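Asks: Dumping the structure here so I can ask a few things about it.
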Amino acid sequence: MNSAVVIGIAISIVILTVGVAARSGILLAGATEGNTPQVQINGPSGGWTYTINDSGHDITTYESTGGSASYNLDCSEGIGTYSLNVQKKAEHGTLTVSVVQDGKVLDARSTSSPFGTVSLAGTCA
């Protein structure tokens with residue numbers, strides 16, 4: 001496993017742990033199917049890898065050959081947080097990652113750096 005991926009996973013776990021500690025005892029209302037937050041990724045043809053952690057205790061790692069994809073986040077348990085890291089597998093092109101819920105963009109970032117990484121973390125609305 002490449003060291004950037006290992007670092008990304010470690011950062012994601014730390015962010016999720018800090019979020020849980022900071023909000024202990026506060027439970028957010030569970031997301032319903034109609035307002036399930038979604039990660040939207042648009043990446044270069046060289047592809048990208050991602051790791052997503054959500055409050056449903058799901059840790060998902062995946063590789064793509066590029067293009068667009070979207071994934072639902074499980075914010076129905078605990079405090080409703082998420083963290084994710086997406087890394088380009090190419091030198092060229094732009095990687096754009098956003099978290100959308102109920103048509104509202106909760107967070108979005110892009111990178112055009114060679115093999116660049118986008119990291120997002122937050123609380124579902």
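The values are calculated or read from the model by the stated rules, or taken from the named source; none is laboratory data. Since the model is a prediction, treat every value here as computed from it, not as a measurement. For neighbour counting, all protein chains shown are included, and Cβ atoms are generated from backbone atoms with ideal geometry for every residue, glycine included.
Asks: Among the residues of the range 100-118, which ones are in a strand (DSSP E or B) and out of contact with any Gly (no Cβ under 7 Å at 6 or more places or on another chain)? I'd like the intermediate steps shown before the answer.
Replies: Of all residues in the range 100-118, those in a strand (DSSP E or B) come to 100-101, 104-111, 117-118.
If the condition is that a residue be in a strand (DSSP E or B) and out of contact with any Gly (no Cβ under 7 Å at 6 or more places or on another chain), then Val100, Gln101, Lys104, Val105, Ala108, Arg109, Ser110, Thr111, Val118 are the ones that fit.
Asks: I would also like to ask the following. When you go through (1) out of contact with any Phe, Trp or Tyr (no Cβ under 6 Å at 6 or more places or on another chain); (2) charged (D, E, K, R); (3) at pLDDT 70 or above one by one for Glu33, which number turns out not to apply?
Replies: Evaluating Glu33 over (1) out of contact with any Phe, Trp or Tyr (no Cβ under 6 Å at 6 or more places or on another chain); (2) charged (D, E, K, R); (3) at pLDDT 70 or above leaves (3) as the failure.
So that you can scan it fast, the table gives a plain yes or no per residue for (1) more than 11 Å from Pro37 (Cβ to Cβ); (2) at pLDDT below 90; (3) of a type in the set (S, T, N, Q); (4) surrounded by 17 or more Cβ atoms within 10 Å (Cβ to Cβ):
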{"position": "Tyr62", "(1), (2), (3), (4)": "yes, yes, no, no"}
{"position": "Leu73", "(1), (2), (3), (4)": "no, yes, no, yes"}
{"position": "Thr94", "(1), (2), (3), (4)": "yes, no, yes, no"}
{"position": "Thr111", "(1), (2), (3), (4)": "yes, no, yes, yes"}
{"position": "Gly116", "(1), (2), (3), (4)": "yes, no, no, yes"}
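Asks: Take the residues of the range 45-77 that are β-branched (Val, Ile, Thr) and in contact with a Leu (Cβ under 8 Å, 6 or more places away or on another chain): which is nearest to Glu91 (Cα to Cα)?
Replies: Start the filter on the range 45-77 by keeping residues that are β-branched (Val, Ile, Thr), which leaves 49, 51-52, 59-61, 65.
Among the residues that remain, those that are also in contact with a Leu (Cβ under 8 Å, 6 or more places away or on another chain) are: 51-52.
Numbers: Thr51: 20, Ile52: 23 Å.
Among those that are β-branched (Val, Ile, Thr) and in contact with a Leu (Cβ under 8 Å, 6 or more places away or on another chain), it is Thr51.
Asks: State all residues of the range 36-60 that are more than 30 Å from Ser112 (Cα to Cα) and modelled with pLDDT of 90 or more; if no residue qualifies, say none. Write out each step before concluding.
Replies: Looking only at the range 36-60, we keep the residues that are more than 30 Å from Ser112 (Cα to Cα), and these are 56-57.
Of everything in the range 36-60, nothing turns out to be more than 30 Å from Ser112 (Cα to Cα) and modelled with pLDDT of 90 or more.
Asks: Scan the range 81-90 and tell me whether some residue there is among the polar types (S, T, N, Q), farther than 14 Å from Thr117 by Cβ and in contact (Cβ under 8 Å) with a residue 60 or more places away in the chain.
Replies: At the first step, the residues of the range 81-90 found to be among the polar types (S, T, N, Q) are 81, 83, 85, 87.
Pick out the ones that are also farther than 14 Å from Thr117 by Cβ and you get 81.
Right, trim to in contact (Cβ under 8 Å) with a residue 60 or more places away in the chain and you get 81.
Within the range 81-90, one or more residues are among the polar types (S, T, N, Q), farther than 14 Å from Thr117 by Cβ and in contact (Cβ under 8 Å) with a residue 60 or more places away in the chain.
Residue by residue, here is whether (1) hydrophobic (A, V, I, L, M, F, W, C); (2) touching a Cys at 6+ places or on another chain (Cβ under 6 Å); (3) more than 18 Å from Gly43 (Cα to Cα) holds:
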{"position": "Tyr62", "(1), (2), (3)": "no, no, no"}
{"position": "Ala69", "(1), (2), (3)": "yes, no, no"}
{"position": "Glu77", "(1), (2), (3)": "no, no, yes"}
{"position": "Thr81", "(1), (2), (3)": "no, no, yes"}
{"position": "Lys104", "(1), (2), (3)": "no, no, yes"}
{"position": "Ser110", "(1), (2), (3)": "no, no, no"}
{"position": "Thr117", "(1), (2), (3)": "no, no, no"}
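Asks: Filter the range 75-92 down to the residues that are part of a loop (DSSP other than H, G, I, E, B), surrounded by 15 or more Cβ atoms within 10 Å (Cβ to Cβ) and modelled with pLDDT of 90 or more and list them by number. Full working, then the answer.
Replies: To start, the set of residues in the range 75-92 that are part of a loop (DSSP other than H, G, I, E, B) comprises 75-80, 89-92.
Okay, now just the ones that are also surrounded by 15 or more Cβ atoms within 10 Å (Cβ to Cβ), so 75-80, 89-90.
Across the range 75-92, the qualifying residues are Lys89, Ala90.
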